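Read the figures in this text as sums done on the coordinates, not as results from a lab. Predicted model only: the values in this text are computed from it and were never measured. Neighbour counts are summed over all protein chains in view; Cβ atoms, including those assigned to glycine, are modelled from backbone coordinates with ideal geometry.
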Amino acid sequence: MHHPTFTRFIYGLSALFLFSCSSAQQESGETAQVAQQQLTESIRLNQVGFYPNATKVAVVVGEHSGGAFYVKTADQQQTVYTGQLTDMKPGEFSNRPTRIADFSEFKEKGNYVLAIPGVGHSYPFEIGQDIHREAAAASIKGFYYQRMSTDLPETYAGKWARAAGHPDTEVLIHPSAASEQRPAASKISAPRGWYDAGDYNKYIVNSGITTGTLLSAYEDFPEFYKTLELNIPESGNQVPDILDEALWNLRWMLAMQDSNDGGVYHKLTNPSFDGMVMPAEATNPRYVVQKGTAATLDFAAVMAQASRVFRNYEKEFPGLADSARTAAVKAWNWAQQNPNVVYDQNSMNEQFKPEVSTGAYGDKEFQDEFIWAASELYATTKDDSYYKAVNMLPDTEMPLPSWPQVRLLGYYTLARFADELTPAAQQDLPEIKKRIIAFADEMIYGVSERTYRTVMGKTEKDYIWGSSAVAANQGIALLQAYQLTSDKKYIDAALANLDYLLGRNATGYSFLTGFGDKPIMHPHHRPSVADGIEEPVPGLLSGGPNARADKQDNCTTYTTAFADEMFTDNDCSYASNEIAINWNAPFVYLAGAIEALQEKAAL
Ligand code: 9MR
Ligand code: 9MR
């Protein structure tokens, strides 16, 4: 049985087989010349496909004389569109020659390849409506595969079925987290949640932005998500699957709050990373560590948002919205009393044993967490005091969201509920909207001059650890501007970043497992490494190129040193090829939002 997310992959393989057969029977003339072309990885395009009326761009990399390109039917029998490559431009980071094939004018639905004499033909791709629907669904389903404390039976997980790992019902209080009511080595129960990434720990800070982004996807596009079925155990209940999935993590997060004081533990973790084994085999002791301001405020924000969202599902989850709201308020109050508790793993390790060496997610600056938590609490309760408790516009910065930087998540929420807010926020809203639009304008400035024509890759700074989330979060910011203006240029730019993630990039990979003809196959992801199945767990987003990756993970398989190419599809590479929930979530938003908006934007 083929898993549905692999159909495009399988299709690609059979199409390649077709090409090699057809090239055996050659005719003469130009058509035959093009038909002789072999598959080339030098043509970079969204390997999943294109909407009929959207911009359609491929980038051709390498020495070449230019001239014509051809869009041909997938069997290569018919040329359906002829265009001219642009003049050569050297890549911004590598200096490699690049040319653009723009076939936006061609709008017929179907399956095609792009062929360039002297270069070869591209992977087959599809033009059609709903072209990213499967990827949008699979990237949420990716969270299901990350579920802790439960079996993944074959009915839902297909060949990636596995036994439950990490019950987390007897979690030790680490000495750094000891309190009078909960002394060191006493136990709490905090099951469920998602594995953070390729490792088996769960971290509140990273869960915060992740879960918030998924809930925002739903809040922005509820009608779309009501129709998106994922084949998870809860499918078929009255609740959209994306919310059922989010709830798996929310239930865990709730258990991370100390009900005695409202503070939230920074993470639930082993002392050190597990080996590359399946979840059920990873049985090291688990701890909750020190409470912190970042964790507690991120928790407050997410619980306030969850309360708002699940208020509409009172019948299915009686009391959930109230519990989430109470938890959010308690967390907020703790942070008011403890506004500057940094999680500093090194100094914690100097004081307490056992030492903890798993992911730190140590943020030292909490202004943005206060803004986000205040925005969510205010939007949910309409109580002015939250809004007034923080300086919402402390400076003119518009930092792209990432795990240590959540200011804009607050602004997005304020913009989303602009019409329902009290006068306290009304005075700032025009400015907040203006800044979101200006931020988007700044991102798209110069994009048509860039070699890959994507917002992603404007500067080397985009290629950090988890750069795929930079691309996806830029896409989200662009979509906020689209929602505010209905100006198509913003959704076009967001779509170009989705093209980037699915193949139009300097590495030539599709970064979403199971999608495209050259998807990553060897992510740093323990189940994918240990399960003995060739294909990695589907619907997971690789971190992507990272200018400093070779120095961070010391893998020896990097082949270039250029920022946009510093990537290796090898499971040794946690600095360029790990998967993580905070990278998947913005992909979910980006792909889902574009699907939801395709009609309005006439894509
Ligand atoms: O598997 C770990 C991954 O999730 C982290 O992102 C990464 C950086 O903290 O560390 C990985 O674990 C490695 C550890 O740091 C060093 N020894 C090898 C571990 C597995 O490759
Ligand atoms: O995403 C995190 C990245 O910003 C940091 O530079 C990196 C090193 O501290 O850690 C990344 O987060 C990892 C976390 O610490 C442990 N789980 C895997 C995460 C993704 O690699």
Using the Cα centre as the reference, give the magnitude of the dipole from point charges on the C-beta atoms of the stretch 428-603 (Lys, Arg: +1; Asp, Glu: -1; all else neutral), rounded to the nearest 20 debye.
-> 500
Mind listing the phi-derived Karplus ³J(HN,Hα) values for the stretch 349-363, rounded to whole Hz, using 6.51, -1.76 and 1.60 with θ = phi - 60°, and x for any glycine or proline?
-> 5, 5, 8, 10, 10, x, 5, 10, 10, 7, x, 8, 6, x, 10
Residues whose placed amide H lies under 5 Å from that of Tyr265, excluding near-sequence neighbours | Asp258
Can you grab the distance from the C-alpha centre of the stretch 328-402 to the C-alpha centre of the stretch 222-266, Å, no decimals?
-> 22
When the dipole is taken about the Cα centre of the chain, and only Lys, Arg (+1) and Asp, Glu (-1) are charged at their Cβ, what size is it in debye, to the nearest 20?
-> 260
For the stretch 524-580, what mean projected area does the convex hull of the alpha carbons give, in nm²?
-> 3.9
What do you get for Rg/Rh of the stretch 285-329 when both radii come from the Cα atoms and Rh is the Kirkwood radius?
-> 1.12
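Go through Lys226/Lys388; Lys89/Lys109; Lys267/Lys330; Lys330/Lys364 and tell me which ones have a Cα-Cα distance over 28 Å in this structure.
Beyond 28 Å: Lys226/Lys388; Lys89/Lys109.
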Rh (Kirkwood; distinct C-alpha pairs) - the chain, Å | 24.8
Using only the Cα atoms of the stretch 65-189, each taken as one equal point scatterer with no solvent, compute I(q) by the Debye sum, divide by I(0), and report log10 of the ratio at q = 0.14 Å⁻¹.
-> -0.82
Helix 204-220 sits at what angle to the longest principal axis of the chain, using alpha carbons and giving 0 to 90 degrees rounded to 10?
-> 60
Which ³J(HN,Hα) values in Hz, rounded to whole numbers, follow from the phi angles of the stretch 373-378 under the Karplus curve 6.51 cos²θ - 1.76 cosθ + 1.60, where θ = phi - 60° and Gly and Pro get x?
-> 4, 4, 4, 5, 4, 5
Mean projection area, nm², convex hull over Cα of the stretch 291-397 = 8.6
For the stretch 145-156, Karplus couplings with θ = phi - 60° (6.51, -1.76, 1.60), whole Hz, Gly/Pro x | 5, 8, 4, 9, 6, 8, 5, 10, x, 4, 3, 9
Taking placed amide H atoms and a strict 5 Å upper bound, the residues 5 or more places from Phe69 or on another chain that come that close are Gly83, Gln84, Leu85
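Report the charge-dipole magnitude of the stretch 164-263 in Debye, nearest 20, computed about the Cα centre from +1 at each Lys and Arg Cβ and -1 at each Asp and Glu Cβ.
320
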Given Gly208, Phe273, Gln84, which one lies farthest toward the positive end of the charge dipole of the chain, if we put +1 on the Cβ of every Lys and Arg and -1 on the Cβ of every Asp and Glu?
-> Gly208
How big, on average over all directions, is the shadow cast by the Cα convex hull of the stretch 428-603, in nm²?
-> 10.7
Can you grab the distance from the C-alpha centre of the stretch 523-600 to the C-alpha centre of the stretch 112-126, Å, no decimals?
-> 25
